[in-house]
Each structure stands twice: as structure tokens, then as C-alpha cells.
Amino acid sequence: MILIGLGSNLPHPEIGTPDAVLRVALQEIHAKVGRLVRVSPFLSTQPVPISDQPWYQNAVCEIESQRQPAELLADLHAIEADFGRIRSVRNAARILDLDLLVYGDHRDPHGPPILPHPRMFERDFVMVPLAAIRAPATLPVQRS
């Protein structure tokens, strides 16, 4: 089980709305990273931390892939860059955000990538869509 969190709160100049960005990003994940197994419904969420940014569209997908975690994370960052993501300040608005949340039962508190994602259990924008495709009890717990 490999889980990826998706988020978007800025439109793409050619693709359009954040909803459309997530739909196209899912196609790119399937084409370039691994076979889509499940995709949650999209969820509209307030920015974290609360700010005057536009609200996000969030989702979680489960994939199958032979890539190792670091390679998979690099591929996700490449997809973000293809969509025009520029990494600037933390929690900045973005066209596309892809987070590697879980990679099987792999645990790595040092990373990269840190697995499971260290803040995923604190974030409703991850846990609510994730619960639509996976029972939280089936997820590995981060151990320090």
C-alpha cells in the first residue's frame, strides 16, 4: 500500500481550477509513477495554518509501484515541477502539492522521505479523504 496526498489551491493557467489540476495530476501519477488502485473523493479544505489563501482541494490516492521511496518522492516532486510548482516559503499557496504519506509498512523517521508522513495524522485534509479509501487502523504508526 502506497498512499499519496494531493492538494491544490491555485489554478493552473492551462489546466484550470484546482479540481481540474488534481484530476490531471492523478493521470500523471498513473502514467509516470504507478498504477492507481483507489482515489478518494475530493475535499475542499481551509488552508493550514489558517490564512487568506484560497481554500484547497485535497484527495488521497493509493498506488502500486516498484519504485523505492526516495525515487518515488523524486518522481512526485518532478510532477509538481511540471505543473509549475515553485518551492518557496512553507505553507505557501500552490498549484500542486504531492506528499508521499505511506509506503507499505516502511518506517523511516529520518528520511528522506520520512515515513509515514510525520504530520499526516494531525491533518484532517489528509485523514478525511484517506478514510474514504482506507481504514486508519490499517496504517503504520510513526515511531520516534
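Which FRET efficiency, nearest 0.05, do GLN66 and THR17 yield, Cβ-Cβ r, R0 41 Å?
Values: r = 33 Å, r/R0 = 0.80.
So the FRET efficiency works out to roughly 0.80.
Once you list every other residue whose beta carbon is under 10 Å from the beta carbon of LEU36, what net charge do they have if Lys and Arg are +1 and Asp and Glu are -1?
Result for the local shell: 0.
So for segment 47-117, Kirkwood radius off the Cα pairs, Stokes-Einstein at 20 °C and 1.002 mPa s: how many µm² s⁻¹?
On the way: Rh = 13.7 Å.
Estimated diffusion coefficient is 157 µm²/s.
Measure off, as a whole percent, the carbon and sulfur share of the 1.4 Å-probe accessible area of segment 1-77, all protein chains present. It would help to have the intermediate numbers written out before the result.
Values: 2100 of 3860 Å².
Ligands and nucleic acids excluded, carbon and sulfur reach 54 percent.
Determine the per residue accessible area of segment 35-76 with all protein chains present and a 1.4 angstrom probe, expressed in square angstrom. If you can, show how the numbers build up before the last one.
Numbers: 2350 Å² over 42 residues.
Per residue, segment 35-76 has 56 Å² of solvent-accessible surface.
So what's segment 34-84 giving for Cα Rg divided by 2.2 N^0.38 Å, two decimals? Don't skip to the end; give the middle numbers.
Values: Rg = 13.8 Å, N = 51, 2.2 N^0.38 = 9.8 Å.
Compactness ratio reported: 1.41.
Note the per residue figure in Å³ for the convex hull of the C-alpha positions in the chain. Present the calculation step by step, with values, prior to reporting the outcome.
Working: hull volume 15.1 nm³, N = 144.
Cα convex hull per residue, to the nearest whole number: 105 Å³.
The values are calculated or read from the model by the stated rules, or taken from the named source; none is laboratory data. Since this is a predicted model, take the numbers as computed values, not measurements. Positions of Cβ are generated from backbone atoms using ideal geometry, with glycine treated the same way; all protein chains shown enter the neighbour counts. These area figures cover heavy atoms from the full protein model, side chains too; ligands, DNA and RNA do not enter into them. Shrake-Rupley method; radii C 1.70, N 1.55, O 1.52, S 1.80 Å.
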